[in-house]
1. Among the listed residues Gly98, Gly65, which satisfies the condition of being over 30 Å from Lys40 (Cα atoms) and either at pLDDT 80 or above or part of a loop (DSSP other than H, G, I, E, B) (or both)?
2. Looking for something touching a Pro at 6+ places or on another chain (Cβ under 9 Å) and surrounded by 14 or more Cβ atoms within 10 Å (Cβ to Cβ) - is there at least one such residue anywhere in segment 35-43?
3. Which of the following residues is surrounded by 15 or more Cβ atoms within 10 Å (Cβ to Cβ), without any contact (Cβ under 8 Å) to a residue 60 or more places away in the chain and of a type in the set (Ser, Thr, Tyr): Tyr99, Tyr88, Tyr105?
4. Here are some conditions: (1) within 30 Å of Gly135 (Cα to Cα); (2) surrounded by 18 or more Cβ atoms within 10 Å (Cβ to Cβ); (3) modelled with pLDDT under 90. Phe55 meets all but one. Which one does it not meet?
5. (1) surrounded by fewer than 19 Cβ atoms within 10 Å (Cβ to Cβ); (2) β-branched (Val, Ile, Thr); (3) assigned to a helix (DSSP H, G or I): which one isn't true of Thr9, the others all being true?
6. Restricting attention to segment 17-47, which residues are closer than 26 Å to Thr154 by Cβ, out of contact with any strand residue (DSSP E or B) (no Cβ under 8 Å at 6 or more places or on another chain) and not in a helix (DSSP H, G or I)?
7. Identify, by number, the condition in (1) at pLDDT below 80; (2) small (Gly, Ala, Ser); (3) crowded, with 18+ Cβ neighbours inside 10 Å; (4) closer than 25 Å to Pro30 by Cβ that Ala128 doesn't meet.
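The values are calculated or read from the model by the stated rules, or taken from the named source; none is laboratory data. All figures in this text were calculated on a predicted structure; none of them were measured in a lab. Neighbour counts run over all protein chains shown; Cβ positions are idealised from the backbone, glycine included.
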Amino acid sequence: MAHSQLRFTLALSALLLGLGLFAPVMTLHPGFGNYTGIVKALAPNLTEPRTFSLFGSIITLLREGSLFIGGLLLVFTVLFPIAKLGVYWTAVDHLAQGYGPGKIYEKLSHLGKFSMLDILVVALLVIAIKGLPGGTIITLDWGAPAFCSSILLTLYFSSILKT
């Protein structure tokens, strides 16, 4: 694959990552079963849909004291993918100059599977919330496919760079 195509793939992945982190990822439509009417009358704000982004959710977790899970998500959902894109960009530059992709790329390529951790977390949240009683509904928004596409593009990039 030409270096310009590799750069385009990385740029697209970076754009999708940014959109996936800050765009709406899921909307929670609370349900209270037979008590929905009563809850709506007494506390209408509890029945209003709430939309979440990945980054906003991580910040909320950290602010509310869930430092372990918030920190874990920050590392694997934000920092690791950004660092990985930087290393991949450097690898393409090295290849364009006639060198190999570099030792950092080779070490990082083994860690690429951990990028899927964040997709697993989103999936588990959706499954957990769908199992809530009372008719609570969760819908995935356009940020979720953008984020997943970014991760899949970097996995694809890693596989074509090895060949």
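1. Criteria check complete, one pass: Gly98.
2. Quick first cut of segment 35-43, residues touching a Pro at 6+ places or on another chain (Cβ under 9 Å) only: 36, 39.
Adding the requirement that they be surrounded by 14 or more Cβ atoms within 10 Å (Cβ to Cβ) leaves 36, 39.
Within segment 35-43, one or more residues are touching a Pro at 6+ places or on another chain (Cβ under 9 Å) and surrounded by 14 or more Cβ atoms within 10 Å (Cβ to Cβ).
3. Tyr105
4. The single condition Phe55 does not satisfy is (3).
5. (1)
6. The one that is closer than 26 Å to Thr154 by Cβ, out of contact with any strand residue (DSSP E or B) (no Cβ under 8 Å at 6 or more places or on another chain) and not in a helix (DSSP H, G or I): Ala23.
7. Among (1) at pLDDT below 80; (2) small (Gly, Ala, Ser); (3) crowded, with 18+ Cβ neighbours inside 10 Å; (4) closer than 25 Å to Pro30 by Cβ, the lone unmet condition for Ala128 is (3).
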